[in-house]
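Here the structure comes first, spelled out in structure tokens, and everything after it is commentary.
The values are calculated or read from the model by the stated rules, or taken from the named source; none is laboratory data. Everything numeric in this text was worked out from a predicted model, so none of it was measured. Counting neighbours? That spans all protein chains shown, and the Cβs are built from the backbone with ideal geometry, glycine included.
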Amino acid sequence: MGRGPVARSFENRWLTIPAPSTYTHATTGPGICAPYLYVAHWLDYQRNVVEIRADAIAQNAGAAIIALDANQGAPTPESSARIALAFGAIPGGTGDPSQYWIEYRIPRRFDRGVDRPVSTTTPDMPPEGVVVMHEVKFDTGRGPGLHAIVRGWVGARAGNALDLPPYPFRVRIASVDADRQQVSLTILRR
């Protein structure tokens, strides 16, 4: 999920080819991030993503509390679980503005071993999880299509916040319910 220094991965013994093989799949990565679930057609954008258009961000600032369920893989068909908050429209081609996605990840199921950036040995994913921001843009440099890049990562604790780069707003964590696997977010002016 992402690339250094904030990329995350984990070791999955079932996908590791034992020695003496010179090629292993030891680093397998966490469950797919919400933007890629969408690109793979495993995420119902209308049901499972809360989208706030660029012209409506200011209207939602300070007023709305948005509850997100933890992304633990693609929601089952017909599920109304909201696993992502998206700012702006989905880019349709080069030159379109980026879209920013926020999701809540917890160290359970596929993410259970995601606890540190791949470039360090220091764990930083608390048991209550993290809130991650991805920049989604249409890029032809790595093959035409939508690409997601991790732009921010904070512990899922009330008060922590992520700035939305192109806007004078930030997304603040209002509350976390790790038992229900939900986080509540609000939008504030910077």
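Odds and ends about this structure:
- If the condition is being of a type outside the set (S, T, N, Q) and not in a strand (DSSP E or B), then the range 146-166 contributes ALA156, ARG157, ALA158, GLY159, PRO165, PRO166.
- Members of the range 89-144 that are over 24 Å from PRO75 (Cα atoms) and at pLDDT 90 or above: ASP96, PRO97, SER98
- When ALA148 is tested against (1) touching a His at 6+ places or on another chain (Cβ under 9 Å); (2) more than 26 Å from PRO91 (Cβ to Cβ), just one condition goes unmet, and that condition is (2).
- Some residue of the range 167-178 being in a strand (DSSP E or B), basic (Lys, Arg), within 16 Å of the chain's Cα centre (by Cα) and within 17 Å of GLU128 (Cβ to Cβ): yes
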